[in-house]
1. So if I place +1 on the C-beta of Lys and Arg and -1 on the C-beta of Asp and Glu, and nothing else carries charge, what would the dipole magnitude of region 105-215 be about its Cα centre? I want it in debye, nearest 20.
2. Could you give the C-alpha radius of gyration of region 97-148 expressed as a fraction of 2.2 N^0.38 Å, taking N as the number of residues it contains?
3. Using the Karplus equation 6.51 cos²θ - 1.76 cosθ + 1.60 (θ = phi - 60°), what ³J(HN,Hα) coupling, rounded to whole Hz, does each residue of region 148-165 give in order, writing x for Gly and Pro?
4. Can you give the helix-only mean residue ellipticity at 222 nm for the chain, where every DSSP H stretch with n ≥ 4 adds -39500 (n - 2.57) and the sum goes over all residues, rounded to the nearest 500 deg cm²/dmol?
5. What is the gain in length, in nm to one decimal, between residue 180 and residue 199 on full extension, counting 0.36 nm per residue of separation less the C-alpha to C-alpha distance?
6. Tell me the Rg and the Dmax, in Å, that the Cα atoms of the chain produce.
7. Can you give the % of DSSP beta bridges in region 2-223 that are antiparallel, to the nearest 5?
8. If each residue of separation counts as 0.36 nm, what is the full-extension length gain between residue 153 and residue 97 once their alpha-carbon separation is subtracted?
Amino acid sequence: MRRFLAGVWACTLLFAAAARAAEMEVDLALVLAVDVSGSVSDADWRLQKRGYAEAFRDPAIIGAVTGGPRGAIAVTLVEWSGPGQQEQVIPWTTIRDEKTALAFGGAVAEAPRRFSDSTAIGDAIEFCASLLADEDIAAARRVIDVSGDGPNNAGRPSEQARDAAVARGLTINGLPIVAEEPQVAAAYRDRVIGGPGAFLVVAEGIDSFADAIIKKLGLEIAAARPGD
């Protein structure tokens, strides 16, 4: 019962926050694009979710969000796998304080897995870029945060989708998970990331994912500040 009530509480906050996202200017509009392709085991998927949930509980991340010029970011979670397999699992949500950060992290922790197929990074980038075209969100920067454990192997070439997104003023950052495919970091560096201030944070195995995502989110939020 306690878990059920906590879930209801988190969902209520998220829907309220999503409604407010259309009414607020934010420092950063951020799409968290999470790989759920077949190479990601259910255990590793749970560790990824835990990593994102821990990140939004981290006092340093909350402080970075609230310390920006506008004191808020808009964030959404997308799960992706093969061509045509992308879903916005958590809607645009405004994070502006500890309560909304914890609610978002809780929603990530409870998110179901939608797919388990090939790895279509290019299609994922294209889908995420369409979400960042939302005119209701006034953001100083618009960023796609792609995490995954393998290079593109299906659908649109990732470098084509990246170049199209960058031409629209978007930034794509990468969080490759080096596990079964050591070349994934180079693939992300050469064919995924791009745009103003783009960077890569490498997770050396799924066990280090939580630390990597906290570091990466901190850098992304800080980069939203003028003059940094």
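1. Dipole about the Cα centre, nearest 20: 280 debye.
2. 1.41
3. Working through the residues one at a time gives x, 10, x, x, 4, 9, 7, x, 5, x, 5, 5, 5, 5, 4, 4, 5, 5 Hz.
4. My calculation for the chain gives -13500 deg cm²/dmol from helical runs alone.
5. Between residue 180 and residue 199, full extension yields 4.6 nm more.
6. Radius of gyration, then largest Cα-Cα span, for the chain: 16.1, 49 Å.
7. Bridges in region 2-223 that DSSP calls antiparallel: roughly 25 percent.
8. The span from residue 153 to residue 97 would gain 16.2 nm if fully extended.
None of the figures in this text is laboratory data; all of them are computed from the coordinates on show. All values derive from a computational prediction rather than experimental measurement. Cβ coordinates were reconstructed from backbone atoms using ideal geometry, including for glycine residues, and neighbour counts include every protein chain displayed.
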